[in-house]
Amino acid sequence: MYEQEQGPLAGFTVGVTAARRADELGALLRRRGAAVVHGPALRIVPLADDTDLLAATKELIDHAPDVVVATTAIGFRGWVEAADGWGYGEELLDCLRGVELLARGPKVKGAVRAAGLNESWSPSSESMAEVLDRLLGEGVAGRRIALQLHGEPLPGFVESLTAAGAEVVGVPVYRWMPPEDIGPLDRLLDGVLSGTLDAVTFTSAPAAASLLTRAEDRGVRAELLAALRHEVLAVCVGPVTALPLQAHGIDTLQPERFRLGPLVQLLCQELPSRARTLPVAGHSIEIRGHAVLVDGCLRPVPPAGMALINTLARRPGWVVSRADLLRALPGAGRDEHAVETAMARLRTALGTPKLIQTVVKRGYRLALDPSADTKYGDG
């Protein structure tokens, strides 16, 4: 079966705007067959000189919490180093020695121990959901819980604790900044505008806002909004992340669980379901972002070929003139010979030349099976 051999996202291209955990998300997508375009919309700067972090640190030293949740190794190290620079390093460590200290995963556990501390517990799954389950299972009513934030609030986490009676104190260890190298983000933005991306993923609200800001700076915000509303799927890790997009009328998809794995699984369901499948010349073809499945076999197709087959598939079985196909070709100019060249390459890529028929002096058509004429013939 195709999904077993190629992966459910084979033939699709997915944009990743994340700065943190971009490698992890990219690996999950590639493992399922997707091509990935990474354009970080942000960079994360430690808050070594930030007054909010200083105020939160002082508050915790003066009024120790019952529980501290350390979520990232770099964030925990940055917090301890910043406190040391302010002259509060030992006081913070003394505070942390006296509380229940939860470390989200092995990297965080290593950072905790490097600071001379010992974690009370660490989940085997590295999941904040497991941390939440443990806290709620212990009972949090009346308890004060300090949460080391990693770039943005964790609304589901915080709301669940608050609803159960806890007081949650955020420790904001990161600050969002524009990327130092804007080139990758511009390439991702160009991919959305040109339609070469099938979906874009967002794992933070600031990243979504940053992409919109960059489009506005380039004078293409209206085009970006149109693409995300109609052609390119916007997938967000959770409802808070989606807010900047939804404020501009962009419908987003979100997994039920606000994590990377469910986000990727959602893409695995959505993108294949949106691909068009047609019975052509005794074969089944499925048109994906940069490839065509022919009887379940993935056939990568160059951009010009994809432009042609998408144009033909809009009215399957109907003849499309060379002039119309020429207009669909990116940067083809006025020479209809470009259509013949691109069509020859498309047929070679598909590996089954009879899928597309040449209609002499008129143009080309997908050789739709006669039994499908009623269903598709109205174009």
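The values are calculated or read from the model by the stated rules, or taken from the named source; none is laboratory data. Since the model is a prediction, treat every value here as computed from it, not as a measurement. Please note: Cβ atoms are built from the backbone with ideal geometry, for glycine as well, and neighbour counts cover all protein chains shown. To get the accessible areas, we keep the full protein, side chains included, count just its heavy atoms, and leave off ligands, DNA and RNA. Shrake-Rupley method; radii C 1.70, N 1.55, O 1.52, S 1.80 Å.
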Among the residues of the range 241-265 satisfying the criterion of being aliphatic (A, V, I, L, M) and within 20 Å of residue 157 (Cβ to Cβ), which is modelled with the highest pLDDT?
-> 263
Hey, residue 120 in contact (Cβ under 8 Å) with a residue 60 or more places away in the chain and among the small types (Gly, Ala, Ser) or not = no
Would you be able to tell me the number of residues in the range 4-21 that are at pLDDT 90 or above, open to solvent by 10 Å² or more (accessible area, probe 1.4 Å) and not in a loop (DSSP other than H, G, I, E, B)?
-> 1
Within the set of pairs 6+ apart or on separate chains, which have a first residue in the range 324-344 that is within 24 Å of residue 190 (Cβ to Cβ) and touching a residue at least 60 places away in the same chain (Cβ under 8 Å), a second that is open to solvent by 30 Å² or more (accessible area, probe 1.4 Å) and part of a helix (DSSP H, G or I), and C-beta atoms under 9 Å apart?
-> 330/194; 330/303; 330/304
Are there any strands (runs of 3 or more DSSP E) wholly within the range 274-357 with 2 or more residues that are at pLDDT 90 or above, open to solvent by less than 40 Å² (accessible area, probe 1.4 Å) and in contact with a strand residue (DSSP E or B) (Cβ under 8 Å, 6 or more places away or on another chain), and if so which?
-> 276-280, 283-287, 291-294
Single residue of the range 173-194 satisfying the filter (open to solvent by 40 Å² or more (accessible area, probe 1.4 Å) and not in a helix (DSSP H, G or I)) that is modelled with the lowest pLDDT | 175
